[in-house]
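The values are calculated or read from the model by the stated rules, or taken from the named source; none is laboratory data. Remember, predicted model here, so these are calculated numbers, not experimental data. Reconstructed Cβ throughout: ideal geometry from the backbone, glycine too, with neighbour counts over all protein chains shown. Only protein heavy atoms, including side chains, enter the accessible area calculation; ligands, DNA and RNA are left aside. Shrake-Rupley method; radii C 1.70, N 1.55, O 1.52, S 1.80 Å.
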Amino acid sequence: MSQRGSSSPATSLVVSASSKAPLPTNAALPSNEVAQALMVTVELDFGERIPSIKEALKEVERRYEPESGRGRTFAILDAYGEPTATGKLHLSMHLSMEKPGIGLLVFRRTGEVLWKSRIVPAKKDPPAEKRLTVIMDDGSGKQLMLDGSQGVERVLDVPFRDSPTRVRDLWPEGQEREFTFIYSVCGCPVKAKVRRAGETTARTSELPVMFPDDPAALVVIHQLMGWPAAR
């Protein structure tokens with residue numbers, strides 16, 4: 001599966017979900033360029049029951065104000081976190097800026113704005129159309145790109161790019177490999193640890209939650225890897 005472009009480093013932004021400060025006007029908003037990445041980290045109070053990361057993301061509303069009047073301005077690529085000692089959920093969300101406009105993340109339970117930014121056009125050429133890229137670590141640290149051009153639907157039978165070698169040839173039974181999935185305007189990697197289990201595969205951890213804003217891409221990944229249908 002051919003790679004669209006290289007990844008952009010994510011900056012980090014830590015926000016307190018309990019802040020009551022008034023929102024800045026649009027003119028004073030911090031800005032990020034299209035194809036840039038940003039990590040937003042918050043601590044959210046869900047009360048007595050702390051949800052999973054996947055459940056928590058359903059309580060984070062994405063709001064878009066695109067300059068074009070259509071579509072979204074950013075996407076959450078992946079998310080991870082854990083409960084804190086004070087009974088809150090520490091949540092980190094990896095964002096990719098997609099088109100000019102305004103982007104917001106809002107905690108539904110309280111209405112708190114967790115992040116707000118103006119997204120401006122990229123200074124360089126506009127990014128190409130998003131394409132799914134899948135890369136496997138061969139176990140020795142070498143990154144090998146899968147070749148999806150032959151229409152093979154099961155990951156173990158997919159050849160590597162410019163090679164007759166298939167994934168199964170370099171992935172022994174029961175061994176863990178790191179897979180990198182790229183499907184974003186910023187070209188940012190989303191990584192998952194995966195173990196071969198016979199003729200299928202299984203993630204060794206449910207984190208990070210991958211591509212929550214791109215369910216169609218997630219369906220393709222699950223089908224390729226032989227994972228249960230995404231919910």
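Got a sec? Which of PRO189, PRO159, PRO208 is at negative phi, open to solvent by less than 50 Å² (accessible area, probe 1.4 Å) and free of Cβ contacts under 8 Å to residues at least 24 places away in the same chain? Even if it seems obvious, please write down each step before you answer.
Values: PRO189 fails: free of Cβ contacts under 8 Å to residues at least 24 places away in the same chain; PRO208 fails: free of Cβ contacts under 8 Å to residues at least 24 places away in the same chain.
Exactly one residue qualifies, and that residue is PRO159.
Only residues that are of a type in the set (A, V, I, L, M) and surrounded by fewer than 21 Cβ atoms within 10 Å (Cβ to Cβ): list them for segment 88-111, please.
ILE102, LEU104, VAL106
Can you tell me which residue within segment 162-186, out of those that are under 22 Å from the mean Cα position of the chain (by Cα) and of a type in the set (Asp, Glu), is surrounded by the fewest Cβ atoms within 10 Å (Cβ to Cβ)?
Within segment 162-186, the match that is surrounded by the fewest Cβ atoms within 10 Å (Cβ to Cβ) is GLU176.
Against the condition more than 19 Å from the chain's Cα centre (by Cα), among the hydrophobic types (A, V, I, L, M, F, W, C), more than 18 Å from ALA192 (Cβ to Cβ) and open to solvent by 20 Å² or more (accessible area, probe 1.4 Å), how does ALA122 come out, does it pass?
Values: more than 19 Å from the chain's Cα centre (by Cα): yes; among the hydrophobic types (A, V, I, L, M, F, W, C): yes; more than 18 Å from ALA192 (Cβ to Cβ): yes; open to solvent by 20 Å² or more (accessible area, probe 1.4 Å): yes.
For ALA122, the condition - more than 19 Å from the chain's Cα centre (by Cα), among the hydrophobic types (A, V, I, L, M, F, W, C), more than 18 Å from ALA192 (Cβ to Cβ) and open to solvent by 20 Å² or more (accessible area, probe 1.4 Å) - is met.
Just checking, does segment 106-122 include any residue being hydroxyl-bearing (Ser, Thr, Tyr), within 26 Å of PHE181 (Cβ to Cβ) and out of contact with any Leu (no Cβ under 8 Å at 6 or more places or on another chain)?
Step one: list which residues in segment 106-122 are hydroxyl-bearing (Ser, Thr, Tyr), which gives 110, 117.
When the remaining residues are screened for being within 26 Å of PHE181 (Cβ to Cβ), the result is 117.
From what's left, out of contact with any Leu (no Cβ under 8 Å at 6 or more places or on another chain): none.
No, segment 106-122 has no match at all.
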